[in-house]
1. Looking at the chain as a GNM with Cα springs under 10 Å, which of Ala37, Ala78, Ala65 has the largest mean-square fluctuation?
2. If you average the sequence gap of Cα pairs under 8 Å that are 6 or more apart and divide by the length of the chain, what percent do you get for the contact order?
3. Using every pair of alpha-carbon atoms in the chain, split the distances into 10 Å bins beginning at 0 and state the percent of pairs per bin, rounded to integers.
4. Filter the chymotrypsin sites (Phe, Trp or Tyr not before Pro) in the stretch 24-68 to those in DSSP coil with at most 14 other Cβ atoms within 10 Å of their Cβ, and list the result.
5. Of Asp56, Asp123, Asp48, which is the most mobile in a GNM of the chain whose springs link Cα atoms less than 10 angstrom apart?
6. Near the amide H of Ser10, under 5 Å away, which other amide H atoms are found, from residues 5 or more places off or on another chain, if H is placed in the peptide plane?
7. For Ala64 paired with Asp107, estimate the spin-label separation in nm (one decimal), with each label point 7 Å from Cα along the Cα-to-Cβ line.
8. So for the stretch 82-140, averaging the separation of alpha carbon pairs under 8 Å that are six or more residues apart and normalising by length, what relative contact order in percent results?
Amino acid sequence: VTVVLPAGTSVTGEVFRQSTARYRIGPQQPEELFNEADPFLPLATTGDQLLLLAKDQITMVQYAAQAADTPVGGVAGASVDLVFADGTTCSGELQMETRASRSRLLDFLNEEHQRFLTLRTEDGVCLVNCRQIAQAAQRH
């Protein structure tokens, strides 16, 4: 994965995922790891260096899409452009699980309680930190 920190600084490495996910069958996915309550997570970089990263200080996490990273059927998708507090940008498709009476992007962002949202981009998957988003615009 590539972890993007404030001011666009990035670090590439491996995260340690569990072989079994907590709430479903199969291995733990990166979005499950980054959305766990623990405030820090380890990232193994080249040269056997281990960094402990504060999740709140991560702007986004990028990785290649896997076969299991397909969009969820029956869930509304929205094409969005995001600008983060440090000026970094990211665009892609956001899967929004919403109630019929509150189906706007604004409703979704205000009601979402996960730290990281999954955005599907042309390059793969991007986990975006909700706490770092300064602007969001939906493309029609």
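1. Taking springs between Cα atoms under 10 Å, the residue moving most is Ala37.
2. Relative contact order comes out at 24 percent.
3. 11, 42, 37, 10, 1, 0
4. none
5. So, out of Asp56, Asp123, Asp48, the one fluctuating most is Asp48.
6. Result for Ser10 returns Leu5.
7. So the two model labels end up 3.9 nm from each other.
8. So the answer I get is 41 percent.
The values are calculated or read from the model by the stated rules, or taken from the named source; none is laboratory data. As the structure is a computational prediction, the values presented were derived from the model and not from experiment. A quick note on method: Cβ atoms are made from the backbone with ideal geometry, for glycine too, and the neighbour counts reach across all protein chains shown. Accessible surface areas use protein heavy atoms only, side chains included; no ligands, DNA or RNA. Shrake-Rupley method; radii C 1.70, N 1.55, O 1.52, S 1.80 Å.
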